[in-house]
Every structure is written in C-alpha cells, then in structure tokens.
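First comes the structure, then the notes that go with it.
Only the coordinates and a few stated rules stand behind these numbers; no lab work does. Please read these numbers as outputs of a predicted model, since none were measured by experiment. Reconstructed Cβ throughout: ideal geometry from the backbone, glycine too, with neighbour counts over all protein chains shown.
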Amino acid sequence: MDKKYLLSFGWFSLPFCLGLIGLYLFAPIKNLYPFFHSLKTTHPGFSNFVLFLTNWGNFFFYPIYLYFLIKGLKEKKPQLTYLALFYLCFQLLISFLLVRILKISLGRARPEFGSHFTFFSLSSSYHSFPSGHTTEIFGAALPLALKSKKKSKQFLLGVVAFAVGFSRIYLGQHHLTDVMAGFILGNCSGILTFYFWRKKCQQLAPSKK
C-alpha cells in the first residue's frame, strides 16, 4: 500500500485507537458489561441514541454503494460499478460468511452469559465473537476513507465506524475483544475491496504511449 494510503488508513483508524485508550482510562475494562448496563438505566436518552447507531449505522452505507452501482451502470462509469461490486463481494465473504463461521464454530458467550466458549453452538447467545456489526461497518467505511483525499472525511468515517463498534459493547452484545476482532476483519474486507477496485481502475485506464 502506498504511503498516502497508509496515512489515510491512519486517520481512519485514529478514532478507534483513541476510543480504546478512552475505555482503558475511564471504564473498568474487566467489568464493562455491568458498567454500561448501569449507565443504560441512568442515561436513557444517550442509550436510545446508541441503540439508533447499532440499528441503523450500517444501513447508512447501503444507499452510498447502491448509488455508485446505479450511477456506474447508467452513466457507463465502470469504476463506480466495480467499487460497488467489490464491496458487495468482500462484505459477503468476510462480514457475512466468515463471521458466521467463526461465531458458530467458536461459540463465545455474550457478555450477559459470561465469556466462555461453547464450540459449534447454534444459539445466538453464544455468537459473540467476532462482532458482525463492527466487521461490516469498517468494511464499508474504509474503502470510502481510502478513496477520499480529505483527512477530515477519513477521520469522520472512522468516528462513525468506531461509534457502531462501541454501541455493541455499550448495549451488552459484545465483549471488547469481539469488537477488536471485528475491527481487524472489517479492515481486511475494506482493504481488499479498495485494492481490487484500484487494480481494476488501473486496468480500465487508457494506456499512455
């Protein structure tokens, strides 16, 4: 990856890194579930906002990639079409298929039930690792961050992605390590999407003689 893309990835990942530091400084890491569970009852307004993030955060990116697909097909701009198609491909392979395989095969308990592993469990109560929401949001946001030339946009996309990941911890659906795994898997999905899209764009570009 070129230096400029590494810098873009750095700006995008910064909110997640800062968020982790904040959790370690201000929250009892070993007891995050009871800590945030108590906050949900004392701060219902904020809790409703977090619930909105977890329910709709990923949906925000669907119309963006759908727009790329439609615009690319309608205006014969294959670069936009391929961006949408590669996004769909790696989201299905990683955010859906791989995440489901890991959830079922590892069978980690949701925070409410502990943190132990019950391998090859079909119960959703034991599908904590990794966080699917986090994987999907980072896989969707990273290609847009790498495509953008604005540090502010890269950082803002990172904030949105971290917010969704944080919402999964706050609502007691995932352990911190589940979200960290989602961060890694989602970034893998996003990097693969951007890499193959950029490679295709280079192939489509007219050769200079």
Next on the checklist: For the pair N55/L7, report the inter-label distance in nm, with labels modelled 7 Å from Cα in the Cβ direction.
Outcome noted: 4.1 nm
Checklist entry - At q = 0.27 Å⁻¹, what base-10 log of I(q)/I(0) does the Debye formula yield for the range 93-165 when every alpha carbon is treated as an equal point scatterer in vacuo? => result -1.07
Item to check | Dipole of the range 3-201, positive end: most advanced residue of L97, S115, S38 [Cβ charges, Cα centre] | outcome: L97
Checklist entry - Highest GNM mean-square fluctuation, the chain, Cα pairs closer than 10 Å: which of P143, P78, P130? => result P78
Checklist entry - R108's amide H: which non-local residues (gap 5+, or another chain) put their own amide H closer than 5 Å, with H modeled 1.01 Å from N in plane and none for Pro or chain starts? => result T118, S128, F129
Item to check | Residue with peak Gaussian network fluctuation, the chain [Cα springs, cutoff 10 Å], from K149, K199, K103 | outcome: K199
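Work the Kirkwood hydrodynamic radius out for the range 130-196: mean of 1/r over every pair of different alpha-carbon atoms, inverted, in Å.
Numbers: mean 1/r = 0.0858 Å⁻¹.
Evaluated on the range 130-196, it is 11.7 Å.
Can you tell me the alpha carbon radius of gyration of the range 3-201 divided by the globular rule-of-thumb value 2.2 N^0.38 Å? Intermediate results must be reported in sequence, preceding the final value.
Details: Rg = 17.4 Å, N = 199, 2.2 N^0.38 = 16.4 Å.
Here the Cα radius of gyration is 1.06 times the empirical estimate.
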Checklist entry - How big is the Cα convex hull of the range 1-72 in projection, averaged over all directions, in nm²? => result 7.7 nm²
Item to check | the range 76-151: chymotrypsin sites (Phe, Trp or Tyr not before Pro) in DSSP coil with no more than 13 other Cβ atoms inside 10 Å | outcome: F119, F120
Next on the checklist: If you split all Cα-Cα distances of the range 75-127 into 5 Å bins from zero, what percentages do you get per bin, shortest first?
Outcome noted: 5, 20, 17, 14, 11, 9, 8, 7, 5, 3, 1
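About its Cα centre, how strong a charge dipole does the chain have in debye, to the nearest 20, once Lys and Arg get +1 and Asp and Glu get -1 at the Cβ? All intermediate terms of the calculation are to be shown ahead of the outcome.
Details: 23 positive and 5 negative charges, 230 e Å.
About 1100 debye.
Listing Y195, Y65 from the residue with the fewest other Cβ atoms within 10 Å to the one with the most, what is the order? Mind dumping the intermediate values first?
Values: Y195 16, Y65 21.
In increasing order of surrounding Cβ atoms, one gets Y195, Y65.
Enumerate the helices in the chain for which the Kyte-Doolittle hydropathy averages -1.0 or more and the C-alpha atoms extend at least 30 Å along the helix's axis, using complete DSSP H runs.
Working: long enough: 3-26 (33 Å, 1.21); 176-204 (42 Å, 0.47).
Those that pass (Cα extent of 30 Å or more, hydropathy at least -1.0) are 3-26, 176-204.
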